[in-house]
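The next block holds one structure in the form of structure tokens; read it before the comments.
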Amino acid sequence: MRIGIDLGGTKIEAIALDKEGMPLARRRTKTPRGDYRETLNGIISLVEAIEADFGCTGSIGIAAPGALSPESGRIKNSNSEWLIGKPLAEDMEIQLGRPVRLANDADCFALSEAVDGAGASAGTVFGVILGTGVGSGIAIGSKLLQGPNAISGEWGHNPLPWASDEERPGPPCYCGHAGCIETFLSGPGLARDHSAETGETKTAYEIAAAASVGNGPSSDTMKRYETRLAKALASVINLIDPDIIVLGGGVSNIMRLYDTVPKLWKDYVFSDSVRTHLAQARHGDSSGVRGAAWLWPVQHSGNGISS
């Protein structure tokens with residue numbers, strides 16, 4: 001049994017998978033924002049409840065905002081600020097008495113889609129979460145690409161490529177820079193751009209819905225968004241040449257993206273043809289928690305953990 005934990009900003013979700021990846025159980029609890037100790041207790045209570053139901057222990061993987069610093073072993077780069085500087089994985093190991101694996105939530109998303117999702121038959125998968133923020137991860141041969149700085153796939157904190165004069169310097173980003181991809185391609189970034197151009201306050205979904213029935217200003221906003229997404233993904237194709245790019249997060253539910261963006265990115269990809277496939281996540285909002293469970297390989301056993 002593999003137990004995955006998705007530590008989100010509003011909820012903590014746990015899932016148990018069998019060795020074929022079929023869900024055995026799922027539980028949720030509200031994230032105690034701002035309270036690290038209660039966050040830790042919430043995760044442990046979910047694990048204990050699932051294990052009590054099945055009468056056995058499982059491997060534990062955690063999808064978390066941010067990453068573990070290779071330097072300190074503590075959380076860094078997290079938009080859940082109460083986690084920053086905390087030894088989350090170490091504290092979990094102490095309380096549960098077994099090894100725990102932790103990865104960035106976007107990395108877990110990419111891993112889930114590479115193992116048994118939209119990219120299951122692909123060699124290289126670039127997974128993108130377009131939601132409140134923008135995150136991404138890279139899986140090669142159904143294994144995460146993990147570099148020495150624990151920042152593989154931090155695509156959202158690069159500048160928007162081929163930016164126009166009107167797009168520079170770009171909106172300020174919480175990372176301290178301006179014009180990051182995240183500030184343009186997140187759901188709030190799409191809404192902000194529309195508001196700046198029209199004065200209207202609409203969500204990303206409302207903008208896309210209005211564009212679908214011919215609303216001119218909303219159509220213009222969507223065209224700007226699609227061009228920016230195409231440019232940003234083209235830079236990824238030029239760098240790692242993935243077999244498939246999988247989109248998740250709320251913005252990924254705008255279905256026109258899967259037709260329009262590949263038509264646009266060909267102008268920016270350094271190739272005579274582009275065979276990279278763009279697809280929506282198969283597991284939707286469950287990809288993060290499933291990917292956390294898959295941080296442990298199928299053959300794992302030992303330490304009292306049943307597979």
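Going by the conditions given, is Gly66 within 30 Å of Leu257 (Cα to Cα) and not assigned by TED's automatic domain parsing to the domain that holds Ala16? Against the criterion (within 30 Å of Leu257 (Cα to Cα) and not assigned by TED's automatic domain parsing to the domain that holds Ala16), Gly66 does not qualify.
All told, Glu51 meets the bar of being in a helix (DSSP H, G or I) and touching a Ser or Thr at 6+ places or on another chain (Cβ under 6 Å). Only one of the numbered conditions (1) modelled with pLDDT under 95; (2) of a type in the set (Phe, Trp, Tyr); (3) closer than 21 Å to Val134 by Cα is not met by Trp265, and that is (1). The one condition from (1) touching a residue at least 60 places away in the same chain (Cβ under 8 Å); (2) surrounded by 24 or more Cβ atoms within 10 Å (Cβ to Cβ) that Pro242 does not meet is (2).
Output the residues belonging to segment 121-131 that are in contact (Cβ under 8 Å) with a residue 24 or more places away in the chain and either on the phi > 0 side of the Ramachandran plot or out of contact with any helix residue (DSSP H, G or I) (no Cβ under 6 Å at 6 or more places or on another chain) (or both). Of everything in segment 121-131, those that are in contact (Cβ under 8 Å) with a residue 24 or more places away in the chain and either on the phi > 0 side of the Ramachandran plot or out of contact with any helix residue (DSSP H, G or I) (no Cβ under 6 Å at 6 or more places or on another chain) (or both) turn out to be Ala122, Gly123, Thr124, Val128.
Out of the residues in segment 130-165 that are of a type in the set (A, V, I, L, M, F, W, C) and assigned to a loop (DSSP other than H, G, I, E, B), which is surrounded by the most Cβ atoms within 10 Å (Cβ to Cβ)? Spell out the reasoning first.
To start, the set of residues in segment 130-165 that are of a type in the set (A, V, I, L, M, F, W, C) comprises 130, 134, 138-140, 144-145, 150-151, 155, 160, 162-163.
With the extra rule that they be assigned to a loop (DSSP other than H, G, I, E, B), the set shrinks to 145, 150-151, 160, 162-163.
On the way: Leu145: 17, Ala150: 18, Ile151: 14, Leu160: 21, Trp162: 15, Ala163: 15.
Filtering segment 130-165 for residues that are of a type in the set (A, V, I, L, M, F, W, C) and assigned to a loop (DSSP other than H, G, I, E, B), the one surrounded by the most Cβ atoms within 10 Å (Cβ to Cβ) comes out as Leu160.
Note on segment 175-202: among residues that are modelled with pLDDT of 95 or more and hydrophobic (A, V, I, L, M, F, W, C), the one that is farthest from the chain's Cα centre (by Cα) is Ala196.
Go through segment 120-149 residue by residue and tally those that are more than 26 Å from Gly21 (Cα to Cα) and touching a strand residue (DSSP E or B) at 6+ places or on another chain (Cβ under 8 Å). Counting residues in segment 120-149 that are more than 26 Å from Gly21 (Cα to Cα) and touching a strand residue (DSSP E or B) at 6+ places or on another chain (Cβ under 8 Å) gives 1.
Within segment 64-96, the set of residues being under 24 Å from Pro23 (Cα atoms) and surrounded by fewer than 23 Cβ atoms within 10 Å (Cβ to Cβ) comprises Pro65, Ala89, Met92, Glu93, Leu96.
Does segment 114-122 include one or more residues that are modelled with pLDDT of 95 or more, more than 16 Å from the chain's Cα centre (by Cα) and part of a loop (DSSP other than H, G, I, E, B)? Within segment 114-122 (the criterion being modelled with pLDDT of 95 or more, more than 16 Å from the chain's Cα centre (by Cα) and part of a loop (DSSP other than H, G, I, E, B)), the answer is yes, since at least one residue qualifies.
When the criteria are applied in full, Gly127 meets the requirement of being part of a strand (DSSP E or B) and surrounded by 20 or more Cβ atoms within 10 Å (Cβ to Cβ).
Here segment 220-243 is the region considered, the condition is being more than 19 Å from Leu130 (Cα to Cα) and not aliphatic (A, V, I, L, M), and the residue that is farthest from the chain's Cα centre (by Cα) is Asp220.
The values are calculated or read from the model by the stated rules, or taken from the named source; none is laboratory data. Quantities reported herein were computed from a predicted structural model and do not represent experimental measurements. Cβ atoms come from the backbone with ideal geometry, glycine included; neighbour counts cover every protein chain shown.
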